[in-house]
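Report on the structure given below.
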Amino acid sequence: MGVLTGLLAGLGYLFFGGWLGVILFVIIAGAFNIFAYWKSDSLALRMAGAKEVTPQEEPRLHRIVDEVTSLTKLPKPRVYVVDNPSPNAFATGRNPEHAVVAATTGIMSLLDDRELKGVMAHELGHVGNRDILIGAIVAVFAGAIAMAANVLQFRMIFGGLGGGDRGGGNGLLALVAIILMPIAAVIIQMAVSRTREYEADRTGARTTHDPDALADALMKLERGSQLRPMQVNPAAAHMFIVNPLAGFRGANFSNLFTTHPPIEERVKRLRNMARSGY
């Protein structure tokens, strides 16, 4: 968060005549992301094609969610199902009182009760850790940096930088900022996403007192999502417990630009938790 703030401050101060540019782009990016934050649950569910289910319609899933919720201080979230053979799950909602957990039909057929309980504990870990809020704040900074770089690019193309020496007379420095700062912001945003996955793993494992169950589930999910990738909007991929696009050709990039940590590392950490008594 500190680095993102520094990047944004640097763009505003160097190329927009001081802190006014910083404040302007934070306000603009914040307006877009506040809307996304408040509407994150409905947008995410629509993108995933999820449908809310009752205990009568999906008794097994509701029972497992009830079991996990009873181990936490969180209210029970709404339960949704995505009719898709690709095994995956996600959570969304702006706070614990408006939380949603969703599971695909593929994950329910692939995992046993113990493993599915570990996955639901991971998802409720996201809810309890306020990861939707954290992601929204990071997105405000990353979005503001991208907008500032775009405006700077148009100023260079159509009117020069202006603003005297302090305003950005060094065109080379401006060009470097336009190219590198948005990339740096995305890298940091992805790094935050990966750290939240690790933390949700840890929280879920401590909730169930069974790190091996989640580790076993992740191994199955990795293989299952590769065999049957899920066609979802890439903007929603970060929400899922494993990357739903992993099986598509060209979907795997450098680890710096991935929203999910390597499954091998996640499993390793969970196994270490089990051995050490977490």
Evaluate region 193-209: report whether one residue or more is β-branched (Val, Ile, Thr) and surrounded by fewer than 17 Cβ atoms within 10 Å (Cβ to Cβ). yes
Of the residues in region 210-235 that are part of a loop (DSSP other than H, G, I, E, B) and of a type in the set (D, E, K, R), the one that is surrounded by the most Cβ atoms within 10 Å (Cβ to Cβ) is Asp210
Out of the strands (runs of 3 or more DSSP E) lying entirely within region 1-116, which hold 3 or more residues that are surrounded by 14 or more Cβ atoms within 10 Å (Cβ to Cβ) and modelled with pLDDT of 85 or more? 78-82, 89-92, 100-104
Kindly list the number of the only condition in (1) modelled with pLDDT under 95; (2) open to solvent by less than 30 Å² (accessible area, probe 1.4 Å) that fails for Gly171. (2)
Could you tell me which residue of region 236-278 is nearest to Ala205 (Cα to Cα), considering only residues that are assigned to a helix (DSSP H, G or I) and modelled with pLDDT under 90? Met239
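The values are calculated or read from the model by the stated rules, or taken from the named source; none is laboratory data. Quick caveat, the model's predicted, so the values are computed rather than measured. All Cβ positions, even for glycine, are placed from backbone atoms using ideal geometry, and neighbour counts span all protein chains on display. In case anyone asks, the SASA skips ligands and DNA or RNA and just uses the protein heavy atoms, side chains included. Shrake-Rupley method; radii C 1.70, N 1.55, O 1.52, S 1.80 Å.
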